[in-house]
1. Inspect segment 285-297 for any residue being of a type in the set (Ser, Thr, Tyr), outside the structural domain of residue 143 (by TED's automatic domain parsing) and over 25 Å from residue 353 (Cα atoms) and give the result as yes or no.
2. Tell me the residue from 110, 43, 93, 86 that is within 22 Å of the chain's Cα centre (by Cα) and hydroxyl-bearing (Ser, Thr, Tyr), please.
3. Check off (1) crowded, with 21+ Cβ neighbours inside 10 Å; (2) out of contact with any helix residue (DSSP H, G or I) (no Cβ under 7 Å at 6 or more places or on another chain) for residue 323 and give me the number that stays unchecked.
4. Somewhere in segment 23-30, is a residue touching a Lys or Arg at 6+ places or on another chain (Cβ under 8 Å), buried (at least 17 other Cβ atoms within 10 Å of the Cβ) and modelled with pLDDT of 95 or more?
5. Of everything in segment 102-118 that's in contact (Cβ under 8 Å) with a residue 60 or more places away in the chain and outside any helix (DSSP H, G or I), which residue is farthest from residue 177 (Cα to Cα)?
6. Please name all residue pairs, on different chains or six or more residues apart, with Cβ atoms under 9 Å, provided the first residue is in segment 296-307 and is farther than 15 Å from residue 338 by Cβ and the second residue is at pLDDT below 95 and hydrophobic (A, V, I, L, M, F, W, C).
7. Any residue at all in segment 387-407 that is in contact with a Leu (Cβ under 7 Å, 6 or more places away or on another chain) and small (Gly, Ala, Ser)?
Amino acid sequence: MVCAYALRKAGIEACLLEASPRAGGIIHSERREGYLLELGPQSFSGTEALHSLCSELSLESELLEAPPRAPRYVLIGGELRPVPLSPQAFFGSSLIGAGTKATIARDMFSKSRPPEQDESVADFVRRKFSAELLDRLVGPFISGIYAGDPERLSLRSAFPHLHEAEKSAGSVIRGMMRQAKAGKKSRQRPTLQSLREGNEMLVQALSAKLGTALRLDTDVTRVGAKREGTTRGFELRIRGPVQEETISADCLILATPTDVAGRLLADVNSAFGSVLSAIQYAPVAIVSLGYLRSDVGHPLDGFGFLVPRSEKLRILGSVWNSSLFPGRAPEGQVLLTSFVGGATDSEATTLSPDNLAGLVHGELAPILAIGKPPTFSNVQIYPRALPQYNLGHSERLAQVEGLRLDAQNLWFVGNYLRGPSIGACVEQSLAVAQEVISCLAGETG
């Protein structure tokens, strides 16, 4: 949607075809029984690109910022421990032992080189620091972002800044300090944000701007290359609410999951299917539970918590929505959204919604001193929720890029390319829009 909006703003006749009856994919907000539910991403990090987009869409006054000092917790030994959010707090915290702290301090003055071959996040953390840091902080952090397995997640693909820091400076800390110094010109302070009536306000504003250029309930059933003399482009067979038709396009941008993109491009180049299907996805169940505030003993004074796999729970983490943004729960009640499944527990998402709600309540109750069952519950299951930037991901994307260039006038946007966050997807979409604009202006091939 952002890519189509940017193209149309530049005067290019862009049409967005959406197979479902609503736009926005998993960015989906619903108000139910007085609760404002986020059925996909719970919030987003404020970036310059997102802030500019919200300004253009007249959403600036609707932006909400979470309390900047809201603590994050991690569950250790059944107790919630605050995550240190500054170097001073980290070295003063009992969350991590003296041995791990010493390895981090040594990195500041040592010199190392990353291995030539792709390295998993787990191997990197154990090599540079400790298994304790992996278990207590890095692993839960990865669950919160990718719902991924650190033993399989590629460091250079999922966290390229860390890889580049060690590669350029011989030290992760020195390299990160250099990167931070170089990025000081950024004026946008990173904050956790949402919109007053949920993240879907962004989708609704984009939909209004696109108008009739957004065609809902429209399936693309076939994509073929169009070659008329020297003209390159594509012919799309589409099935809409009323009829089937064929449309021609000079340029094609696919914003679908990888399996759909590979299937659609089979007639353009069959190799797309095998390369794109190699990108795996983790399943996630989003379980939203509402409670009377008086039934929850914990003060809920923070963002929420993450759970190391060593705690042997099935919850990956929990967000305390009503502590972060106003209007998320009725007066006198609280809304807690928890995540189950991921790459390390894919079987969890095969449970029924009732079983998932019961499982989450059963695990939350002792942690948050919850005395009674929830008064409200909702379960949303995504069998293919988040792409996994697993080992070999950069090589797979390089293959996709080679096939894309060979096809000509073809682009991809999506959360499997430059990061899964809303901000990363917006930035990548704007970059692709600029490439298309340059291509159509004859500046590039």
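The values are calculated or read from the model by the stated rules, or taken from the named source; none is laboratory data. The structure displayed is predicted, hence computed values, not measured ones. Counting neighbours? That spans all protein chains shown, and the Cβs are built from the backbone with ideal geometry, glycine included.
1. Quick first cut of segment 285-297, residues of a type in the set (Ser, Thr, Tyr) only: 288, 291, 294.
Subset that is outside the structural domain of residue 143 (by TED's automatic domain parsing): 288, 291, 294.
If we keep only those that are over 25 Å from residue 353 (Cα atoms) as well, we get 294.
Within segment 285-297 (the criterion being of a type in the set (Ser, Thr, Tyr), outside the structural domain of residue 143 (by TED's automatic domain parsing) and over 25 Å from residue 353 (Cα atoms)), the answer is yes, since at least one residue qualifies.
2. Details: 110 fails: within 22 Å of the chain's Cα centre (by Cα); 93 fails: within 22 Å of the chain's Cα centre (by Cα); 86 fails: within 22 Å of the chain's Cα centre (by Cα).
Result of the check over 110, 43, 93, 86: 43.
3. The single condition residue 323 does not satisfy is (1).
4. Going through segment 23-30, the residues touching a Lys or Arg at 6+ places or on another chain (Cβ under 8 Å) turn out to be 28.
Next cut, buried (at least 17 other Cβ atoms within 10 Å of the Cβ) only: 28.
From what is left, the residues that are modelled with pLDDT of 95 or more are 28.
Yes, the conditions are met somewhere in segment 23-30.
5. Restricting attention to segment 102-118, the residues satisfying the condition of being in contact (Cβ under 8 Å) with a residue 60 or more places away in the chain are 104, 107-111, 118.
Right, trim to outside any helix (DSSP H, G or I) and you get 108-111, 118.
Details: 108: 10, 109: 13, 110: 15, 111: 15, 118: 24 Å.
Per the criteria, the residue is 118.
6. 301/70
7. Looking for residues that are in contact with a Leu (Cβ under 7 Å, 6 or more places away or on another chain) and small (Gly, Ala, Ser), one finds none in segment 387-407, hence no.
Results for (1) in a loop (DSSP other than H, G, I, E, B); (2) among the polar types (S, T, N, Q); (3) crowded, with 16+ Cβ neighbours inside 10 Å; (4) in contact (Cβ under 8 Å) with a residue 40 or more places away in the chain, shown as yes or no for each residue.
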site	(1), (2), (3), (4)
85	yes, no, no, no
88	no, yes, no, no
91	no, no, no, no
100	no, yes, yes, no
